[in-house]
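Beneath this line is the structure, given in structure tokens, with notes to follow.
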Amino acid sequence: MSSYKVRKAVIPAAGLGTRFLPITKTIPKELLPIIDRPLIEFTINEARDAGIEEICLVSGRGKDAIIDYFDPCENLQRHLKEKKKYDLAQTVRESGLSEGQLCAVRQLQPLGLGHAIWCARSFIESEPFAVLLPDDLILGEKGCLTELLEVYNEYGGNVLAVKGVQKSQVNKYGIVEYSEREGSIYKATNLIEKPSPQETHSSLAIIGRYVLNASVMKHLGLKKTGSGGEIQLTDAMKLMLKEEEFRGFSFSGRHFDCGCKSEYLLAQIEAGLKDPSMKPAIQDYINHC
Ligand code: UTP
């Protein structure tokens, strides 16, 4: 059982979003909307629902609009109230963050996910922390990070969100090899970044939610490059595995890789179908396709 409360989260958002060019020339991928809210708002809400108190965004050149989005926009709220648009004023207020809840560090060059997390080392100090990738949207009754923290609170160590993928797809993910399984919990024996299907017997993929001990920073600080010439988080976690336990948790929500165009579109449809005001029109459209 862990005696540490996880209070901090890091959200890496300094990538170039090349799979979404040309829109990402000027609009950060993390601000792409699911209907009327950007992906990153879902991420931040998931973190806050899980009890996270402080969030550090890893930002990069051209990404300041992400931070602007979370301003409470008091002038806009006042204007909406004067026009008696109270619901909209409340929507604006709820999508803002209060002073000091969000801080940002700069990743000067997109050298990889591991490097982005290392850029938040002063924010983390020596506490265990969560990592949430905004392009991994997980929709469900219970937040994915809430589920991971339940596992962390029971077992301690490090906890990763995982899902089974097709064997032919393992070269797109960090893969967890495991010895034991207890329900939805897998005890990791090895972690490999983007292996070929021949290199691993496992097809359990890491999805962008992690609960990690601060010791990961020591390994990331070595700045060793791995797959794709990037500083990979999975490689640092693999080094930690010699001294610390890692568990994979197969979360209950539905995952959409919104870094990929077709899954982003599916996420929009899923969100639309959940909204009673949009559901009939979407269903009607699908039925007549
Ligand atoms: P991705 O690889 O999915 O994002 O990284 P990307 O690099 O922006 O996208 P493509 O592949 O070019 O289309 C997952 C998350 O990690 C962040 C990204 O912003 C994204 O939220 N990231 C990635 C960084 O912050 N820095 C990096 O160097 C790489």
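Values for this structure:
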| read-out | value |
| --- | --- |
| For the chain: relative contact order, % (alpha-carbon pairs under 8 angstrom, 6 or more apart) | 23 |
| Cα gyration tensor, the stretch 1-78 - rounded (a/c under 1.5), prolate or oblate | oblate |
| The stretch 156-263 shape via C-alpha gyration tensor axes, a/c threshold 1.5 | rounded |
| D (Stokes-Einstein, µm²/s), Kirkwood Cα radius, the chain, 0.890 mPa s at 25 °C | 123 |
| Amide H contacts of PHE251 (H built 1.01 Å from N, under 5 Å, at least 5 apart or other chain) | VAL162 |
| Reference-scaled alpha-carbon Rg (2.2 N^0.38 Å with N residues) for the stretch 39-164 | 1.21 |
| Of the trypsin sites (Lys or Arg not before Pro) in the stretch 61-94, those whose Cβ has at most 12 other Cβ within 10 Å and which sit in DSSP loop | ARG61, LYS83, LYS84 |
| Cα-based convex hull volume of the stretch 33-72 per residue, rounded to whole Å³ | 84 |
| Qualifying GluC sites (Glu not before Pro) for the stretch 194-262 [loop in DSSP, other Cβ within 10 Å: at most 14] | GLU243, GLU245 |
| Between the stretch 261-280 and the stretch 82-137, the Cα center-to-center distance that results, in Å | 25 |
| CYS119, CYS73, CYS289, CYS260 arranged by Cβ crowding within 10 Å, fewest neighbours leading | CYS289, CYS260, CYS73, CYS119 |
| Förster radius 35 Å - calculated FRET efficiency between THR18 and HIS288, Cβ distance, rounded to 0.05 | 0.50 |
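Quick note: the coordinates plus some simple rules give every number you see, no bench work behind them. Computed from a prediction, not measured in an experiment: that's the story for all the values here. In this analysis, Cβ positions are derived from the backbone assuming ideal geometry, glycine residues included, and neighbour counts consider all displayed protein chains.
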